[in-house]
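**Q** Got a structure here, written out as structure tokens. Questions coming.
The values are calculated or read from the model by the stated rules, or taken from the named source; none is laboratory data. The model shown is predicted, which means the values in this text are computed figures rather than measured ones. Positions of Cβ are backbone-derived with ideal geometry, glycine not excepted, and every protein chain shown enters the neighbour counts.
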Amino acid sequence: MTWPATAEWTPGGELTIGGVAASALAERYGTPLYVFDEATLRGRARAIRAAFTAAWPRSRVVYAGKAYLSPTLAAMLWEEGIGLDVVGGGELYAGLAAGVPAAAMTMHGNNKSERELREALEAGIGSIAVDNDLEIEMLARLATEQASPIPIVMRLNPGIIPNTHAKMLTGALDSKFGFPITTGAAAAAVDRVVAAGCFDLAGYHAHVGSQVFDPALVAETIGALLAFAAIMRDRHGIAPRTIVPGGGFGVADDASGDDVSIETWATTAAAALREGCARYGFAEPELVVEPGRAIIGPAGVTLYRVGARKEIPGVRTYVSVDGGMSDNIRPALYGAAYSAALANRTAEGPYERVSIAGKYCESGDVLIEAIDLPRLQPGDLLAVPMTGAYCLAMASNYNLAPRPAAVLVNDGVSRLFRRRETYADVLASELLPELATS
Ligand code: LLP
């Protein structure tokens, strides 16, 4: 179970995060509540940056905003020297709203629209990770409006398969992302980019998956990118100035074992770069990494209020909470394993095995399939750690549920940075209200 660095339990059995009691947070802001610990967020950002800088001085860390892009948090990460990887116009907009310079951003996506590409170029984006032929065509058209060549990296598909959930794989040949190297598509795409004459091809990118726990894969990815770069150098005389092996650094959840230290990721990546550059005679390029979950996952804890209980003798006991798949779809979508702890009082009596169910109208809305907890009472607070990444980011309004609030805690102070949605917010995009009254 990974709790934020500041999480503590009082002698009375109460959870505090950032020096603020979970029960006080729930009382003040309501539940479900996403609590982000500023010290953990900044601490992880600093540690990741320091590890990569130590291993490879010419390195840069960009935060994969898809994990959860709140302007408040992106601004904080930028203060820590962390740039931003954005997917699409919405994330670009949020990054700009956060005050992150466009030059510190990369735009990703396997089907960027012409509008999104134009917005990125008009903002002065640092790099576009080009993913497909249509995008090359669209960018070449847009280039006529540009004063200077368009800065790109090519997103390649190296055919590397990590041992992770099938829905988190992105670098196997059968993927919608990137130009496959093995089929010749990647080389043909570079030919087109070079022939177009309007691109500044800085280098190559690959992201092979998320929740990767084997550092050898980052080395393999870098090796594949450099081997491809060497062929392109021989063909076009262009050496890579930037190598981007993506993000995906695994963070332990209840099913995935221990974290690999960030130092190990960094030194493994650096060793692979050094070896590849020596082998192919490249000057040392800049190394860019794009962690999302490893930065924000452990900073987040969700607080739920316990409600109904249903005991089915000989089958199981369901304890329902006041959130579920609309704020955390990951158990339903990936079978992701979470843990939980009673957060408002000392545990009394024996533990019992229960399933923690969400409140939405879907049998699969079960947050935790089986967990041993003290007997929970209606009104108790349940804290679920490791929910900073891909929870609020993927939240929905299923059952027209207003999405939760999010609060930052630090040094005994809490600050609401995302208010709870209202029923009116949930209906805000609905048009033709007259039909409802006729
Ligand atoms: N870079 C690229 C190009 C990516 O596609 C991703 C994630 C990342 C970086 C960041 O990966 P991370 O360090 O966060 O693992 N919704 C899924 C994860 C999807 C990740 C998609 N791409 C989940 O909830 O686990």
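**Q** Take the residues in region 278-294 that are within 8 Å of the ligand (Cβ to nearest atom) and either basic (Lys, Arg) or not in a loop (DSSP other than H, G, I, E, B) (or both); name whichever of them is farthest from ALA67 (Cα to Cα).
**A** ALA294
**Q** Taking only region 39-66 into account, find how many residues are crowded, with 18+ Cβ neighbours inside 10 Å, touching a Ser or Thr at 6+ places or on another chain (Cβ under 9 Å) and assigned to a helix (DSSP H, G or I).
**A** 5
**Q** Considering only residues that are aliphatic (A, V, I, L, M) and within 14 Å of the ligand (Cβ to nearest atom), which ones fall in region 42-72?
**A** ALA45, ILE48, VAL61, VAL62, ALA64, ALA67, LEU69
**Q** Another question, if that's okay. Failed condition for GLU27, given (1) away from the ligand (no atom under 16 Å from the Cβ); (2) under 18 Å from LEU392 (Cα atoms); (3) among the charged types (D, E, K, R), with all others met?
**A** (2)
**Q** Among ALA308, ALA270, ALA266, which is the only one that is among the aliphatic types (A, V, I, L, M), touching a residue at least 12 places away in the same chain (Cβ under 8 Å) and farther than 28 Å from ALA224 by Cβ?
**A** ALA308
**Q** Show the residue pairs meeting these rules: Cβ distance below 7 Å; 6+ apart or different chains; first residue within region 359-374 and among the hydroxyl-bearing types (Ser, Thr, Tyr); second residue modelled with pLDDT of 95 or more and surrounded by fewer than 18 Cβ atoms within 10 Å (Cβ to Cβ).
**A** From residues that are among the hydroxyl-bearing types (Ser, Thr, Tyr), the pairs are TYR360/TYR398; TYR360/ASN399.
**Q** Out of curiosity, is ALA140 modelled with pLDDT under 95 and either among the basic types (Lys, Arg) or over 20 Å from PRO240 (Cβ atoms) (or both)?
**A** no
Residues are listed down the side, and each one gets a yes or a no for (1) closer than 15 Å to THR164 by Cβ; (2) within 14 Å of the ligand (Cβ to nearest atom); (3) not in a loop (DSSP other than H, G, I, E, B); (4) not aliphatic (A, V, I, L, M):
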site	(1), (2), (3), (4)
THR221	yes, yes, yes, yes
LEU226	no, no, yes, no
ALA229	no, no, yes, no
VAL251	yes, yes, no, no
ASP259	yes, yes, no, yes
GLU263	no, no, yes, yes
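**Q** Could you tell me which numbered condition ASP85 fails, if it satisfies all but one of (1) of a type in the set (D, E, K, R); (2) outside any helix (DSSP H, G or I); (3) surrounded by fewer than 21 Cβ atoms within 10 Å (Cβ to Cβ)?
**A** (3)
**Q** Quick one: THR183 ticks every box in (1) within 15 Å of the ligand (Cβ to nearest atom); (2) in contact with a Leu (Cβ under 8 Å, 6 or more places away or on another chain) bar one, so which box is it?
**A** Every condition holds for THR183 apart from (1).
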